[in-house]
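Before any comments, here is the structure.
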Amino acid sequence: MNRTKSAFPAKVLIIITLCLLSGCDNDAPSFSVALSRNRNPYAAGKQAAKKAIEGLGKNRPKALIFTVYCPSKQLDLTDPAAYLPDVKSEQDAVRGISEIAGPVQNVGIRTRPMAVVAEASENCVAVLAMGGKKISCRSVAVPITKNRKKTGAMIGGMLSKVDDLRMALVLSEMSLNFDPLISENPENFVAGLRRPIPDDTVIFGGNGMNDPAVPKSEGLKGAQFFNGKTLEGYVVAVGIGGDFNVVAGRAIEFTTADIVEATKTVGNWIIELDNCPAADVYRKILQMGKDRELTSDWQHAVGIESAGGDVVVRMILDWIDPKGLDRTGNHSKLPAGSLMFRRTVKPGRKIHILKGGDSYGSITSSARRCADNLVKVAEKEGKPLCMLVSDCWMRRTRLNCLNGNEAGMINGITGTARGGKFPVFGFYSFGGLGAVEGKNEEPVYTFQQNTFLGAVIVED
């Protein structure tokens, strides 16, 4: 088994791959997506990679991006995320992809694809191939270090060398920004990544599934795949450059019930909203009865307002009850009514108290509207070549709890719904990476929770 572990290595192992292939390519960038649910994971990897490459026609492939989903045993049938990955099957699928790819750089993560509806019990491999004379690619693998800003800066520095860089596709694991062992602000990774690359580069990506069999004391480890190797504790990324533009957007299923101000905060804890205990204000605005409990990272959300008025969704993670106890029953030094989020919040920041998100229609329609709007904008700029989508796994889990079927949502965003004019490559993420609107409508990139993300590559 070819497996590299390097959560905090003594010597940093950085892997870089450049595309140096030559051939009889067409000028325009081209993209192709293929999926296989063959029960033999090795065959599934080969089939998906072969079909994706064939879909490029005369264009030689420059890079392959893929997702691998090989569940072994579900720990909780009510939570499809809680499963034991079949590591051997993953390795077999990756081996199949790598054999077909040959010298072509290929990177991926462990997660379920959104290209088509796939049963959770089956092996599922999805591959995005890209090629053409007017596209250049560089893939890198960098270990996640305790200094997240430095990790991001290393990736950004290497991707900045791509000619006419238009997109940084970043894939990792939950430990990147959800690791309970690291207290550093997860936004530091994005800040480090952003600095070395051109301002107009679109950042897109997300985290794959962790392995629940690994103790939480060891962090939220996942699996990243890089040119046939399986890594753990890494960020794999592809810089994509060329003669094309990228239109990106996002959508949430929530609406604003009211806007308040964070008047007292400590780190990622909001102590007071409008000079009152934060939990009291939150519950009053949403008219929550005393018998209704808060939930951690599940149903209760706020929107932290950006400079441009857009909101970054953050879920309530912890709270201090009237007895001074946190959600685990431990006594806290913080005042009763304090609320914790996965983001540092400074006093004076506007906080949107969000409502909704508890209906099938709000979840599915938000994704469809985002995809439709992106395509409309893209078609005004030129010819759409490919759509990338990423949706939060928690949105899908809530959909299942509402007895909803994800088929309607996926069919609404795939290329088949538009007559197959362009391919769609998508995956479920455990923490996404995308933009919100900043000052003067400039994008500000950040980690996203409970958010649908989309990007359309458009021929320039």
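The values are calculated or read from the model by the stated rules, or taken from the named source; none is laboratory data. Just so it is clear, the model here is predicted, and its values are computed rather than measured. Methodologically, a virtual Cβ is constructed for each residue, glycine included, from the backbone with ideal geometry; neighbour enumeration extends over all protein chains shown.
Here are some notes:
- Being under 30 Å from residue 27 (Cα atoms), out of contact with any Gly (no Cβ under 8 Å at 6 or more places or on another chain) and either in the same structural domain as residue 63 (by TED's automatic domain parsing) or among the hydrophobic types (A, V, I, L, M, F, W, C) (or both) is a condition met by at least one residue of the stretch 140-154.
- Scanning the stretch 333-378 for residues that are more than 24 Å from the chain's Cα centre (by Cα) and assigned to a loop (DSSP other than H, G, I, E, B) returns 333, 334, 335, 336, 337, 338, 346, 347, 348, 349.
- Meets criteria (touching a residue at least 12 places away in the same chain (Cβ under 8 Å), surrounded by fewer than 20 Cβ atoms within 10 Å (Cβ to Cβ) and under 30 Å from residue 443 (Cβ atoms)) for residue 280: no
- If you check 206, 157 for being in contact (Cβ under 8 Å) with a residue 12 or more places away in the chain, under 30 Å from residue 376 (Cβ atoms) and among the small types (Gly, Ala, Ser), only one passes: 206.
Yes or no, residue by residue, for (1) within 18 Å of residue 354 (Cα to Cα); (2) modelled with pLDDT of 95 or more; (3) touching a Leu at 6+ places or on another chain (Cβ under 7 Å):
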site	(1), (2), (3)
265	no, yes, no
285	yes, yes, no
315	yes, no, no
334	no, yes, no
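- Verdict on residue 165 being in the same structural domain as residue 97 (by TED's automatic domain parsing), of a type in the set (A, V, I, L, M) and either modelled with pLDDT under 95 or within 18 Å of the chain's Cα centre (by Cα) (or both): no
- Within the stretch 242-272, the set of residues being under 21 Å from the mean Cα position of the chain (by Cα) and under 21 Å from residue 446 (Cβ atoms) comprises 246, 247, 248, 249, 250, 251, 252, 253, 254.
- Among residues of the stretch 321-335 that are on the phi > 0 side of the Ramachandran plot, none has a beta-carbon under 7 Å from a residue that is basic (Lys, Arg) at least six positions away or on a different chain.
- Answer from 279, 301 - the residue that is hydrophobic (A, V, I, L, M, F, W, C), within 19 Å of residue 392 (Cα to Cα) and not assigned by TED's automatic domain parsing to the domain that holds residue 431: 301
- The strands (runs of 3 or more DSSP E) found wholly in the stretch 1-113 and carrying at least 1 residues that are modelled with pLDDT of 95 or more and in contact with a Ser or Thr (Cβ under 8 Å, 6 or more places away or on another chain) occupy 61-69, 105-110.
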